[in-house]
Amino acid sequence: MVTRTIFIITSLIALFLPSTLSMSESKPSLPASYTVPKVWNPPTGEAGGRFGGINRPTAGARSETTLPKGEHPLQLYSLGTPNGQKVTILLEELGLEYDAYPVNIMDATQFGSAFVDINPNSKIPAMLDYSVTPPQRVFESGSILLYLAEKEQKLIPKDPRKRTECMNWLMWQMGTAPYLGGGFGHFFKYAPVNIEYAIDRFAMEAKRIVDVLDKHLEGKEYVCDDEYSIADIAIYPWIKCLSTGYNADEFLQLDSYKNVKRWMATIGERPAVQRGNRVNGWGPDAVLERHSPADFDTDSKPPSSL
Ligand SMILES: N[C@@H](CCC(=O)N[C@@H](CS)C(=O)NCC(=O)O)C(=O)O
């Protein structure tokens, strides 16, 4: 009875606390000079950070643009980031013909009207399928993977139970990616200052995510047991990015996740994965624009601002 009364009283205090004292007012700030205003406004002047210059709190097109179009039914507007690589890996695995154009997100191409018409969320990857009339737009990497796998009836399990398990992991990946990229990657690599609280919070979550995968992969060749699928294709580039993108092998002790390590090696050996990793990229072996398999044999120049 006494415990119950204490619980009710503390719950009531917690309920009324926010209305009397704002949560932000009750905490110290970092930097200490910062006071949280009543109403948020975008920072004026140099926002700092890798993406500070392109971020705005509004959606929609910022300029009138057109996009290039090649001869294949599938037109991909993307970039060789993990979200972009998921799609190019799948396209290469499926052996489909497609034209892939790089979208330079540092030049704000994603906010041009032509891109926004395909993806109102202004993020790569985005795709148009001209094999149907009117052309089908597909955005969100998970949606593109599902669209292509279902269209081709490949790399998605046919058995309903296995299919659901594959979807579980595809959706898990889509839900966890922002913690790895926007959370850990942002504060560990891109933020203009090292903030202990933010790095701790997202390193914790990044390690937890890799551990979820490691435990799941115990005794399994692929994410959906013996069947290589779009779940593997979605997850692989993000785990790779922790190493090659953020250089966090040592920091996160990634070597200790033995099942993930073995699975990464298996996936990474696939020729289609190796080709997909190169499309719309900016490294020395990048295939900046992809129009045919022959493009993998020729050199291409990286975009200057990436
Ligand atoms: N949930 C989206 C995320 C896509 C995404 O975040 N794309 C990033 C590159 S990896 C982007 O286009 N960023 C540009 C921007 O934020 O303006 C998906 O999976 O397709």
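The numbers here are math on the coordinates, done by the rules we state, and not lab data. Because the structure is a prediction, the values reported are computed rather than measured. When we count neighbours, we look across all protein chains shown, and the Cβ atoms used for this are built from the backbone with ideal geometry, even at glycine.
Fewest to most neighbouring Cβ within 10 Å: what's the order for R161, R137, R278? Don't skip to the end; give the middle numbers.
Details: R161 8, R137 13, R278 21.
Neighbour counts put them in this order, fewest first: R161, R137, R278.
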- Check every DSSP H run in the chain and write down those whose alpha carbon atoms cover 24 angstrom or more along the long axis and whose mean Kyte-Doolittle hydropathy is -1.0 or greater. 2-20, 160-178, 196-216
- Message: So for the chain, averaging the separation of alpha carbon pairs under 8 Å that are six or more residues apart and normalising by length, what relative contact order in percent results?
- Response: 20
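Quick one, can you get me the convex hull of the C-alpha atoms of the chain expressed as volume per residue in Å³? Mind dumping the intermediate values first?
Details: hull volume 62.5 nm³, N = 306.
Dividing the Cα hull volume of the chain by its residues yields 204 Å³.
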- Message: Longer than 28 Å from Cα to Cα, which of K123/K215; K151/K189; K162/K261 are they? Say none if no pair is.
- Response: K123/K215; K151/K189
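Based solely on its DSSP helices, what 222 nm [θ] is calculated for the chain when runs of n ≥ 4 H residues each add -39,500 (n - 2.57) and the sum is averaged over all residues, nearest 500 deg cm²/dmol?
Roughly -12500 deg cm²/dmol at 222 nm, from the helical runs in the chain.
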- Message: Counting other beta carbons within 10 Å of each residue's own, what order do T65, T44, T109, T88 fall into, fewest first?
- Response: T44, T65, T109, T88
- In percent, what relative contact order does segment 160-269 have, based on Cα pairs under 8 Å that are 6 or more apart in sequence? 32
- So, in Å, what gap is there between the alpha-carbon centers of segment 210-245 and segment 100-144? 26
- Convex hull around the C-alpha positions of segment 160-269: the volume in Å³ per residue is 88
- Task: For E227, list long-range residues whose amide hydrogen, built 1.01 Å from N in the peptide plane, is under 5 Å from its own amide hydrogen.
- Result: Y222
- Query: ³J(HN,Hα) across segment 26-36 via Karplus (A = 6.51, B = -1.76, C = 1.60, θ = phi - 60°), whole Hz, x for Gly/Pro?
  - Reply: 8, 10, x, 10, 9, x, 4, 6, 7, 10, 6
- Item | Cα-based reach from K38 at 21 Å (exclusive), listing lysines while leaving out same-chain residues under 8 positions away | K27
